[in-house]
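The values are calculated or read from the model by the stated rules, or taken from the named source; none is laboratory data. On a predicted model such as this, the values are computed, not experimentally measured, just so you know. Positions of Cβ are generated from backbone atoms using ideal geometry, with glycine treated the same way; all protein chains shown enter the neighbour counts. Remember, those area values only see protein heavy atoms, side chains included, never the ligands or the DNA or RNA. Shrake-Rupley method; radii C 1.70, N 1.55, O 1.52, S 1.80 Å.
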Number of protein chains: 4
Amino acid sequence: MINKKRFIAVIGGSQPSPQEVQFAEEVGRELAKRGALLVCGGLGGVMEAACRGASLEGGVTIGILPGESRQAANPYVQVPIVTGIGYARNLAVVKSAQAVIAIGGNYGTLSEISHALQGGIPVIGLNTWSLSRNGQQDNSITIAQSPAEAVNKALSLAI
Amino acid sequence: MINKKRFIAVIGGSQPSPQEVQFAEEVGRELAKRGALLVCGGLGGVMEAACRGASLEGGVTIGILPGESRQAANPYVQVPIVTGIGYARNLAVVKSAQAVIAIGGNYGTLSEISHALQGGIPVIGLNTWSLSRNGQQDNSITIAQSPAEAVNKALSLAI
Amino acid sequence: MINKKRFIAVIGGSQPSPQEVQFAEEVGRELAKRGALLVCGGLGGVMEAACRGASLEGGVTIGILPGESRQAANPYVQVPIVTGIGYARNLAVVKSAQAVIAIGGNYGTLSEISHALQGGIPVIGLNTWSLSRNGQQDNSITIAQSPAEAVNKALSLAI
Amino acid sequence: MINKKRFIAVIGGSQPSPQEVQFAEEVGRELAKRGALLVCGGLGGVMEAACRGASLEGGVTIGILPGESRQAANPYVQVPIVTGIGYARNLAVVKSAQAVIAIGGNYGTLSEISHALQGGIPVIGLNTWSLSRNGQQDNSITIAQSPAEAVNKALSLAI
């Protein structure tokens, strides 16, 4: 039964470092092993590495695409959602998840982190953004040191 | 392998007639039997009846929701996508499909038919809208007389 | 005071017939003369002709654009709104108006008509779509025979 | 001519501190005096204070609303844009501007800052978020110490 499973989003840049690619793939593998469904933005980089990892372990991958065509999905996306709403799909990526794992990332990833925190969805960070507001540290992003720790924290914090 | 399967959207009103409910459930059953994945708006009425039918035959159901919470999904939605973009999710419902089956429906359904036709996605109609433009009949909606015929036509026209 | 004025949307295709261009320009002129603000999708064809008409009479024109850049606006748009959400901006065009005038148009226009009717916003049609549902004529679109009549009806029906 | 003017977005929380309210009102006043058009999310708090300031100086205010009704706009919004797309309208707020002034703010404001930086739109900050990525300070937000300085910087950096 798919519908008893956890939905976890993996977010991150389309031009990741080699370490970020490795982290993303391990996060994907680990999510699949633990029976969670992977939600992502459906494109390349961190998204593709995470989908590849999940697919290798027989997991289900959902890619919420910005454009008008399913052809843009990376080859490991099994359920492509075609939104046609551009970067506004970033909201759907995080709001469709019960927890979010952020790996590296640029401003697009930061927008996803923001939308998740705004909606009360836990965010676990691996080498990603940190925030302070008006000079004070904001500790809303839960830090993880490894892919396995990130997945553990995501599953235990999932809403 | 999910990703070799067809994605077919079923659209229609949230307050269907008894016949429309029966049609939707049969369409859902038939899609599942034929191995297609069902995409819909995730709420009640035609959407719920189609998801129920698909679930009864072991099919996969995807509900693309307008609001901010997965709780709004009908109980037969297995993959809830939470968009938070209101009626703009109507676009994502049809653009995520390779063909669309419209059953009855009100103006929301008509907007989905329009977005599908605008995007070149085939629309099959069961007791639904018909259109004319500037006094001339528009025959872009393929008419079906029964749920089985609608599913046959959707699968053969799917892009 | 801008904020006591009526907001009226003008919708229609990007490749209109010569008569539709003339109608759109006259509708734009007439709206400006009557002190209404023109809302549209900001691009070419009917949208541009309506904005040109309104500008020639000193009216205010608002263009709600689908893409990521204000450069795509036609030269008569004074207030470009850049949404980045593609065709989902069609909703914003009609929901930002108190009445909608549809001139000709293709499936994109039909989606705007649908979203307006779904939201209870009056639609006045000039040579545009007509609808029937399950074999019965739907008379929700108020027919006008001339640009002046369309503007009169839009202003008197505006919510 | 409206269309030769600058469009500047003012973003910030709906529950601002008294100082943030004062900053927002002064930013609004200053933008109006300098002939710029004010774009905002159209609701309360920083958005309302900025619109009030601009209105007091005869400026034009544009409110891009998340919901389905223009009634939600604060009383100083002259051009209400009704999007119906929820928080996805945050993108439209910043993409419709040539520079963005952020005053205080919570995660919604942070999402707007992110979308602006992602789109190459300059962001000027008054008592707002600061960012670091993977342990390194990100200086993309231009800091201002006063409303007048924020407006000066916004107008000089506007794209």
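Excluding A:Glu30 itself, what net charge comes from residues whose Cβ is under 14 Å from its Cβ, given Lys and Arg +1 and Asp and Glu -1?
Values: positive: A:Arg6, A:Arg29, A:Lys33, A:Arg34, A:Arg52, A:Lys153; negative: A:Glu25, A:Glu26, A:Glu57, A:Glu149.
Net local charge, A:Glu30 excluded: +2.
Using a 10 Å cut-off around each Cβ of peptide C:130-136, what is the average number of partner chain Cβ atoms that fall inside? Write out the running numbers ahead of the final one.
Numbers: counts 8, 6, 4, 10, 10, 2, 1.
The mean count of partner-chain Cβ atoms within 10 Å per residue comes to 6.
Please give, to one decimal in nm, the separation of the simple spin-label points placed at D:Lys33 and C:Ser156, each 7 Å out from Cα toward the Cβ.
4.9
Quick one: label points 7 angstrom along Cα→Cβ at D:Gln71, distances to the other copies in nm, smallest first?
2.5, 4.2, 4.7
First check a/c for the protein assembly as shown, with a ≥ b ≥ c the square roots of the eigenvalues of its C-alpha gyration tensor; if it is under 1.5, answer rounded, and if not, answer prolate when a/b is larger than b/c or oblate otherwise. Before the final figure, lay out the partial values.
On the way: a/c = 2.18, a/b = 1.01, b/c = 2.15.
Taking the square roots of the gyration eigenvalues as a ≥ b ≥ c, the protein assembly as shown is oblate.
Out of C:Ile124, C:Gln145, C:Leu56, whose Cα points farthest toward the positive end of the dipole of the stretch C:41-156 (charges: +1 Lys, Arg; -1 Asp, Glu; placed on Cβ)?
The residue sitting most towards the positive pole is C:Ile124.
Between D:Leu56, D:Leu31, D:Leu43, find the one with the highest GNM mean-square fluctuation for chain D; connect C-alpha pairs within less than 10 Å.
Looking only at D:Leu56, D:Leu31, D:Leu43, the largest GNM fluctuation is found for D:Leu56.
How far is the Cα center of the stretch C:20-64 from the Cα center of the stretch B:30-44, in Å?
Cα centres, the stretch C:20-64 to the stretch B:30-44: 43 Å.
Suppose you put the label 7 Å out from Cα in the Cβ direction; list, shortest first and in nm with one decimal, how far D:Gln22 is from each other copy's label.
The answer, with the shortest distance listed first, is 5.4, 6.3, 7.2 nm.
Quick one: accessible surface of C:Thr142, probe radius 1.4 Å, all protein chains present, in square angstrom to the nearest 10.
Surface accessible to solvent at C:Thr142 totals approximately 40 Å².
Looking only at other chains, what is the average number of their beta-carbon atoms within 10 angstrom of each beta-carbon in B:147-154? Intermediate results must be reported in sequence, preceding the final value.
Values: counts 0, 0, 0, 0, 0, 0, 0, 0.
Neighbouring Cβ atoms belonging to other protein chains average 0 per residue here.
For the stretch A:24-125, rounded, prolate or oblate, judged on the Cα gyration tensor with a ≥ b ≥ c (square roots of eigenvalues), a/c < 1.5 rounded, else prolate if a/b > b/c? Write out the running numbers ahead of the final one.
Values: a/c = 1.67, a/b = 1.11, b/c = 1.51.
Here the stretch A:24-125 falls in the oblate category.
How large is the charge dipole for the stretch D:12-149, taken about the Cα centre, if only the Cβ atoms of Lys, Arg (+1) and Asp, Glu (-1) carry charge, to the nearest 20 debye?
Details: 8 positive and 10 negative charges, 53 e Å.
My answer is approximately 260 debye.
With +1 on each Lys and Arg Cβ and -1 on each Asp and Glu Cβ, how big is the dipole of the protein assembly as shown about its Cα centre, in debye rounded to the nearest 20?
Details: 48 positive and 40 negative charges, 0 e Å.
Computed about the Cα centre, the dipole is about 0 debye.
Just the number please: accessible area per residue for the stretch D:1-131, 1.4 Å probe, all protein chains included, in Å². Provide the component values of the computation, followed by the final result.
Working: 3850 Å² over 131 residues.
Computed with neighbouring chains in place, this is 29 Å² per residue.
Count, for each residue of C:99-110, the Cβ atoms from other chains sitting within 10 Å of its Cβ, then give me the mean as a whole number.
Numbers: counts 0, 0, 0, 0, 0, 2, 2, 5, 12, 5, 3, 11.
Other-chain Cβ atoms within 10 Å of each residue's Cβ, averaged: 3.
A:Ala72 to B:Lys5: FRET efficiency via 1/(1 + (r/R0)^6), r the Cβ-Cβ distance, R0 30 Å, to the nearest 0.05? Numbers along the way, then the final one.
Details: r = 19 Å, r/R0 = 0.62.
It comes out at approximately 0.95.
Looking only at A:Gly108, A:Gly135, A:Gly41, which one moves most when chain A is put into a Gaussian network model with springs between Cα atoms under 10 Å?
A:Gly135
Below 8 Å between Cα atoms, with a sequence gap of 6+, how large is the relative contact order for chain B in percent?
Working: 391 pairs, mean separation 37.0, N = 159.
Relative contact order for chain B comes out at 23 percent.
Quick one: with label points 7 Å out along Cα→Cβ, list the inter-copy distances for C:Ser146 in nm, shortest first?
5.5, 6.0, 8.1
On the rotation axis linking copies D and B, which residue of D comes nearest by its Cβ, and by how many whole Å?
Reported as residue, whole Å: D:Ile85, 2.
Can you show me the helix-derived [θ] at 222 nm for chain A, built from DSSP H runs with n ≥ 4 at -39,500 (n - 2.57) apiece and divided by the number of residues, rounded to the nearest 500. Before the final figure, lay out each step's value.
Values: 5 runs with 57 residues, N = 159.
Calculated from helices alone, the mean residue ellipticity at 222 nm is -11000 deg cm²/dmol.
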